[in-house]
Amino acid sequence: MGQTDNYSDKKAQIDQRICFLEEHTYQGNDLGVTFQEHAVTFKCWTPEADAVSVIIYQSGEVKDKDRVMTVPMKQENNCWKVTVTDEVKEMFYTFEIQRGQEKVEVVDLYAKAVGLNGNRGAIVDLKETDPEGWSQTECVGQDTITDAYIWELHVEDFSSSKTSGISEKNRGKYLAFTEKNTHLEGDERQPTGLAYLKEQGINYVHLLPIFDFDNDELSTAYNWGYDPKNYNVPEGKYSSDPKDPKARIRECKQMIQSLHEESIGVVMDVVFNHTAVTESSWFNKTVPNYYYRQDEEGNFADGSACGNEIASERKMMRKFIIDSILYWAKEYKIDGFRFDLMGLIDVETMNQLRASLDSEGFSHVILYGEPWDAGSNRIIQPNIPANKSNVWALSEGVAVFSNDLRDSIKGDVFEETDGAFIQGMNGQPQVKQTFYAANLATAIQGNTKVAGQEGAERWAKSPRQVIAYASVHDNLTLWDKLVATMQASAKERNYDFDPELLARNKLAAAILFTSQGAVLTQAGEEFGRTKQGDENSFRSPIEINQLDWKRAQTFNELRSFYQGMWQIRKFYPPLRDATIRTAESMVFYETKDENRLAYQVPNRDEQYPWRSLFVLLNSKEETWSFDLPTATENASWHIVADPQGAGIASRGVATSRVTIAPLSFCLLAEQSN
């Protein structure tokens, strides 16, 4: 028999097992550990097992040979179960699963607490992890996701720098977010940390993975955290004591509580597309092959480029994802979830998740994700991937990142020297993709399907499905992209303050804050954040990744401009429209140049003082004059943003003809006289 036949047999056997497992699911909400009066119950789903036991340990560290007892479990309703007295509380546990002659030891997939490095579950009553005042802590939400200003951040980046003003013991930790009124050393006028977030007006902090990922929690080695190990437990490295199972839980809650006190919501980055390891993962050891997709030969599919892809469409994996999200929303009061490589998750799972959150009283929780995979996926009909091609099938309560806006602002992210509008490179041949003003105009409208324009580039049903952004943790920072595209020699690139790049960065912000959808920025984008040209800093030194708070002082002009643009966006509701009404009524004027843009954002609600907003953008190195449309009766055009600043106060009344300097812009509000 040939190799191909062997592989076919392997796939057939796996498929047969999957059918059996799909018919023997467990739908209870009590998998893992639950507490009763003077008792603790353990439950584990692994229907093919011949025997399952709970092993109780004294310590959370695998190196310690401290087994206290082994307790056999009984199978009931497709689930293995045992109840013991609560003397095991504060101890640690694993499941031992026997299939034939093979025995494996695994951490409970539903573990809510773990020991050091996540190698043993911990038997912890979660009520004992609540910080003082936790029951009074309320979730934070906006009326709609389009009211969001999301700041994407890594826990360690926030406070690791000595310039952060955060106490040394809390640098790089959850508790850094609990320190209020911090400032740059030697300059009390320059806030840092939580005080900075409050001053900037940000209403959501999006945290890169804070679930337990595969790492040495006592090491100082840096990692973004996209290596899932235990999905329902906070990462221990960011706690004051990774060996104490309660510390990571309590301190994570303290971080969330502190942000909530400042009316800042918390978005959690979740990675349900792959696990850090495959064959030896807790998933695969618990139920081999079930939780992962296979290729036609029966091998693990790898649409994540990380060795595997999770089979979200299978009943118990779909249940796990929904259970996990609901758990974080309930226990940790998380206000939103960002899905990594959401194109590897099926649409039905995402829609069921949205419906579950809504029915459980969490309609305020925002959901968004990356509408792509890492090159392939093995999602098979009738299931379809939650990618950009299938946004039509997603609930409007699930948003996706607009790479259309990102790239039409600054150029393709996968070719560092490719530029677009803000570099004045629209219409000029680029290595990956050449962009035009029409691409940017469509993206500013949120790529929404408006009347008479429903091509493939218009993939969103409404701005609620759109995350408008120019940069995130992946690829070059916005500032570094500007350096790469505008400075000829890679060897002589300078990432310090540069007035020309500052002007181009302001152009990006002017576009971003006048676009339809929810606004998201990379932390520090507003002060020219640099990683010295490192486009994939997932495990680069902390010195590359940490926020340089001195830079916030150096780039105060840019930071103030972002503040002012957010003020305009908050003040003028059409920019935050959750419906397609504004996108449909926006007017783009002919400029006869790919690197100049003129558009009007009308206001149909008479209760607001601005009748419309006019945006003029000039990324060319020549002056541009533009004739404004005649203002409506008893109204004038007031400048509210230009290179000198932005805000809702008038900066002067414009004449009918406006002259825009090179690398410049002007926002004008039509106001009653």
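The values are calculated or read from the model by the stated rules, or taken from the named source; none is laboratory data. Nothing here was measured: the structure is a model prediction, and the numbers come from that model. A quick note on method: Cβ atoms are made from the backbone with ideal geometry, for glycine too, and the neighbour counts reach across all protein chains shown. Just the protein is used for accessible areas: all its heavy atoms, side chains included, with ligands, DNA and RNA removed. Shrake-Rupley method; radii C 1.70, N 1.55, O 1.52, S 1.80 Å.
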key: Heavy-atom accessible area per residue - segment 1-152, 1.4 Å, Å²   = 50 Å²
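Would you please name the GluC sites (Glu not before Pro) within segment 232-295 that are DSSP coil residues with at most 14 other C-beta atoms within 10 Å of their C-beta?
279
By DSSP, what percent of the beta bridges with both residues in segment 121-258 are antiparallel, rounded to the nearest 5?
If we restrict to bridges inside segment 121-258, about 55 percent are antiparallel.
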Percent RCO, i.e. relative contact order, over the chain, from Cα pairs under 8 Å lying at least 6 residues apart = 10 percent
remark   = Relative contact order in percent for segment 340-492 (Cα pairs under 8 Å, 6+ apart) equals 22 percent
message = Students sometimes get this wrong: rank 264, 380 by accessible area, probe 1.4 Å, all chains present, largest first.
response = 380, 264
query = In square nanometres, what is one fourth of the surface area of the convex hull spanned by the alpha carbons of segment 62-163?
reply = 13.2 nm²
12 Å Cα-Cα reach of residue 11 towards aspartates and glutamates, excluding residues that sit fewer than 8 places from it in its own chain = 295, 296, 297
key: Å² of accessible area per residue within segment 615-673, as computed with a 1.4 Å probe and no ligands counted   = 45 Å²
query = In Å and whole numbers, how far do the C-alpha atoms of segment 431-561 stretch along each principal axis, longest first?
reply = 49, 32, 31
note = Residues whose built amide H sits under 5 Å from the amide H of residue 185, excluding neighbours closer than 5 in sequence, are 165
ask   = What is the ratio of the Cα radius of gyration of segment 412-506 to 2.2 N^0.38 Å, where N is its residue count, to two decimals?
value = 1.23
query = Per residue and in Å³, how big is the convex hull formed by the alpha-carbon atoms of the chain?
reply = 173 Å³
key: Under 5 Å, built H, 5+ apart or other chain: amide partners of residue 125   = 90
request  = Would you please give the residues with an amide H less than 5 Å from that of residue 292, counting only those at least 5 places away or on a separate chain, with H modeled from the backbone geometry?
outcome  = 311
inquiry  = On the principal axes of its Cα set, how long, how wide and how thick is segment 351-431? Give whole Å, largest value first.
reply    = 50, 31, 18
query = Binned at 10 Å from 0, what are the whole-percent values of the Cα-Cα distance distribution for segment 120-226, short to long?
reply = 12, 34, 37, 16, 1
note = At 4 °C and 1.567 mPa s, the Stokes-Einstein diffusion coefficient in µm²/s for segment 318-453, with hydrodynamic radius from the Kirkwood sum on alpha carbon pairs, is 78 µm²/s
request  = Please tell me which of these pairs span more than 32 angstrom C-alpha to C-alpha: 449/570; 388/550; 333/410; 74/229?
outcome  = 388/550; 333/410
query = Pairs 89/315; 127/243; 173/506; 81/319: which are spaced more than 22 Å apart, C-alpha to C-alpha?
reply = 89/315; 173/506
remark   = Heavy-atom accessible area of residue 407, protein chains in place, probe 1.4 angstrom, given in Å² to nearest 10, is 10 Å²
message = Show me, bin by bin at 10 Å from 0, the whole-percent P(r) of segment 183-257 based on Cα pairs.
response = 17, 39, 30, 13, 1
Percent carbon-and-sulfur accessible area, segment 593-672, ignoring ligands, DNA and RNA, probe 1.4 Å = 44 percent
query = Taking Rh as the Kirkwood radius, which is the inverse of the mean 1/r over Cα pairs, what is the Rg/Rh value for segment 631-673?
reply = 0.97
message = Probe radius 1.4 Å, ligands and nucleic acids ignored: give me the carbon and sulfur share of the accessible area of segment 1-100 as a rounded percent.
response = 47 percent
remark   = As a percent rounded to 5, the proportion of antiparallel DSSP bridges among beta bridges in the chain is 75 percent
ask   = How far apart, in nm, are two points set 7 Å out from the Cα along the Cα-to-Cβ line at residue 136 and at residue 543?
value = 4.6 nm
Proportion of all alpha-carbon pairs of segment 532-646 beyond 24 Å (%) = 46 percent
ask   = Highest mean first, what order results for 430-439, 386-395, 557-566 on Cβ atoms within 10 Å?
value = 557-566, 386-395, 430-439
Eligible aspartates and glutamates near residue 461 by straight Cα distance, threshold 20 Å, same-chain separation 8 or greater = 143, 147, 346, 348, 358, 370, 396, 404, 577, 584
note = Per residue, accessible area of segment 484-590 with a 1.4 Å probe, heavy atoms of protein chains only, in Å², comes to 38 Å²
remark   = Straight-line reach check, residue 162, cutoff 14 Å on alpha carbons, 8 or more apart in-chain or any other chain, hits among aspartates and glutamates -> 185, 187, 543, 548
request  = Using a 1.4 angstrom probe on heavy atoms only, work out the carbon and sulfur share of the accessible area of segment 338-478 in %.
outcome  = 47 percent
inquiry  = Could you derive backbone 3J(HN,Hα) for segment 645-661 from the dihedral phi with the Karplus parameters 6.51, -1.76 and 1.60 (θ = phi - 60°), listing whole Hz in sequence and x where the residue is Gly or Pro?
reply    = x, 8, x, 7, 6, 5, 9, x, 9, 8, 7, 5, 10, 10, 9, 9, 5
inquiry  = Let me test this: with uniform point scatterers at the alpha carbons of segment 137-187, what is the Debye-based log₁₀ I(q)/I(0) at q = 0.25 1/Å?
reply    = -0.94
